[in-house]
Amino acid sequence: MRAQDSATAPTQIAVTAPTAGPTAGPATGPAAHTGTRTAAPAAATSAAGTVQAALGVVAFSLTFPATVWGLEGFGPWSLVTVRCVLAALIAGACLLGVRRPPGADGRRRRGVPVPARRHWPGLAVVAAGVVIGFPLLTTLALRTSTTAHAAVVVGLLPLTTAVFSALRVGARPSRRFWAAALGGAAAVVAFTAAQSGGALTAADLYLFGALLVCAAGYTEGGRLARIMPGWQVIGWALVLCLPLAVPAAALALSYEPVRLSAHGVAGLLWVAVGSQFLGLVVWYRGMAAVGIPRASQLQLAQPLLTLVWSVLLLGEHLTVAAPLTAAAVLVCIAVTQRA
């Protein structure tokens, strides 16, 4: 495996991509004559990162409706632990199946190198927040909460992730960025609160707890994705949970009844493969390319997408405020992407 792709390469963590600031002096040397050549790849990388982060948002937007489907056939603990086991097995197979470039001896070896010891604490945060914490807390909340009410969590997640990013990796977005992020979050919260009648439920403790642990996992995963490929970040986090998830799944299945149905199986497969693995792969790659705060603001569209899926898949009804909120959120996203 090339050094720049290896999880064990002693690469310093980059917080933000180097850009020429307004106070930068004139370029000298060969680089002064290749500005257009370097700007184009940078723009292409940023565009590709934005697309990948957006694909992650689309995958995540289906998580709540798929969880509701999964709860038709599985108990909450069974659904969470089985999805973790399935996703970890897929991730482990991918990590083992990769063929590395020939080494010094000319032999091609299989399997991704184990991450360096210094990366495991960060992977543990990703595992605790994204693999275990968020799925468990939101699944417990969705037993009594509608998907519209649960979308409040996702509406606040971009702002919370930006705050965690500022505290953890030293990101310093502009005031315009924060104003747009707060405006988008306020619009989403107002819309989802109106959808649920403005009443707080017992599930709110689960939802706000999920908000905090997921923001921590996103921030740490985005930081690690600058060191190793994004799919390896979530892959190793899933494998790290496997020794705990297997006995937990066996115990949960022995206590909670299973009623197999098309919805139940489809919901389980999506949250395991789509939300827990593939969605996080493109999400972390996108965050590594465009930065944690900027990518996180794309999630302002996630609650609205979730509500659309709720109408199509669960038969829930939306108010006329939906298109107005969608327009407001898209304006805020546009501002954060340019800030």
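The values are calculated or read from the model by the stated rules, or taken from the named source; none is laboratory data. Treat the numbers as computed from the prediction; the structure is a model and nothing was measured. Note: ideal-geometry Cβ built from the backbone for every residue, glycine included; neighbour counts use all protein chains shown. Please note that ligands, DNA and RNA were not included when accessible areas were found on the heavy atoms of the full protein model with its side chains. Shrake-Rupley method; radii C 1.70, N 1.55, O 1.52, S 1.80 Å.
It is to be established whether one or more residues within region 282-296 are closer than 30 Å to VAL239 by Cβ and of a type in the set (Lys, Arg).
yes
Of TRP309, TRP270, which residue is within 26 Å of ALA190 (Cα to Cα), part of a helix (DSSP H, G or I), open to solvent by 40 Å² or more (accessible area, probe 1.4 Å) and not β-branched (Val, Ile, Thr)?
TRP309
Looking only at region 129-154, filter to residues that are open to solvent by less than 20 Å² (accessible area, probe 1.4 Å) and in contact with a Ser or Thr (Cβ under 6 Å, 6 or more places away or on another chain); which one of those is modelled with the highest pLDDT? Write out each step before concluding.
Looking only at region 129-154, we keep the residues that are open to solvent by less than 20 Å² (accessible area, probe 1.4 Å), and these are 129-131, 133, 135, 138-142, 145, 147-151, 153-154.
Adding the requirement that they be in contact with a Ser or Thr (Cβ under 6 Å, 6 or more places away or on another chain) leaves 139, 142, 145, 147-149, 151.
Values: THR139: 93, LEU142: 90, SER145: 81, THR147: 82, ALA148: 75, HIS149: 76, ALA151: 76.
Among residues in region 129-154 that are open to solvent by less than 20 Å² (accessible area, probe 1.4 Å) and in contact with a Ser or Thr (Cβ under 6 Å, 6 or more places away or on another chain), the one modelled with the highest pLDDT is THR139.
Give region 187-212 a look and list any residue that's at pLDDT 75 or above, open to solvent by 50 Å² or more (accessible area, probe 1.4 Å) and more than 21 Å from HIS317 (Cβ to Cβ), or say none.
Scanning region 187-212 gives ALA202, LEU205, TYR206, PHE208, LEU212.
Among the residues in region 168-179, are any out of contact with any Lys or Arg (no Cβ under 7 Å at 6 or more places or on another chain), among the small types (Gly, Ala, Ser), open to solvent by 10 Å² or more (accessible area, probe 1.4 Å) and modelled with pLDDT of 80 or more?
For region 168-179, residues out of contact with any Lys or Arg (no Cβ under 7 Å at 6 or more places or on another chain), among the small types (Gly, Ala, Ser), open to solvent by 10 Å² or more (accessible area, probe 1.4 Å) and modelled with pLDDT of 80 or more: present.
How many residues are farther than 26 Å from TRP178 by Cβ and of a type outside the set (Asp, Glu) if we restrict to region 289-321?
Adding up the residues that qualify gives 12.
Please name all residue pairs, on different chains or six or more residues apart, with Cβ atoms under 6 Å, provided the first residue is in region 282-308 and is on the phi < 0 side of the Ramachandran plot and the second residue is not hydrophobic (A, V, I, L, M, F, W, C) and not in a helix (DSSP H, G or I).
ALA288/ARG226; PRO293/PRO173
Checking the conditions here, which among GLY235, GLY217, GLY184 is farther than 19 Å from VAL271 by Cα and either at pLDDT 85 or above or in contact with a Leu (Cβ under 9 Å, 6 or more places away or on another chain) (or both)?
GLY184
Give LEU182, LEU157 a once-over and let me know the one that is open to solvent by 30 Å² or more (accessible area, probe 1.4 Å) and either within 27 Å of TRP309 (Cβ to Cβ) or of a type in the set (Asp, Glu) (or both). I'd like the intermediate steps shown before the answer.
Numbers: LEU157 fails: open to solvent by 30 Å² or more (accessible area, probe 1.4 Å).
Exactly one of LEU182, LEU157 is open to solvent by 30 Å² or more (accessible area, probe 1.4 Å) and either within 27 Å of TRP309 (Cβ to Cβ) or of a type in the set (Asp, Glu) (or both), namely LEU182.
Out of curiosity, is ARG100 within 27 Å of GLN299 (Cβ to Cβ), at pLDDT below 95 and open to solvent by 20 Å² or more (accessible area, probe 1.4 Å)?
Spelling it out, it is not the case that ARG100 is within 27 Å of GLN299 (Cβ to Cβ), at pLDDT below 95 and open to solvent by 20 Å² or more (accessible area, probe 1.4 Å).
Considering every residue within region 284-291, establish whether at least one is among the β-branched types (Val, Ile, Thr), more than 20 Å from VAL152 (Cα to Cα) and open to solvent by 10 Å² or more (accessible area, probe 1.4 Å).
Scanning region 284-291, I find at least one residue that is among the β-branched types (Val, Ile, Thr), more than 20 Å from VAL152 (Cα to Cα) and open to solvent by 10 Å² or more (accessible area, probe 1.4 Å), so the answer is yes.
How many residues are over 25 Å from VAL169 (Cα atoms) and in contact with a Phe, Trp or Tyr (Cβ under 7 Å, 6 or more places away or on another chain) if we restrict to region 206-257?
2
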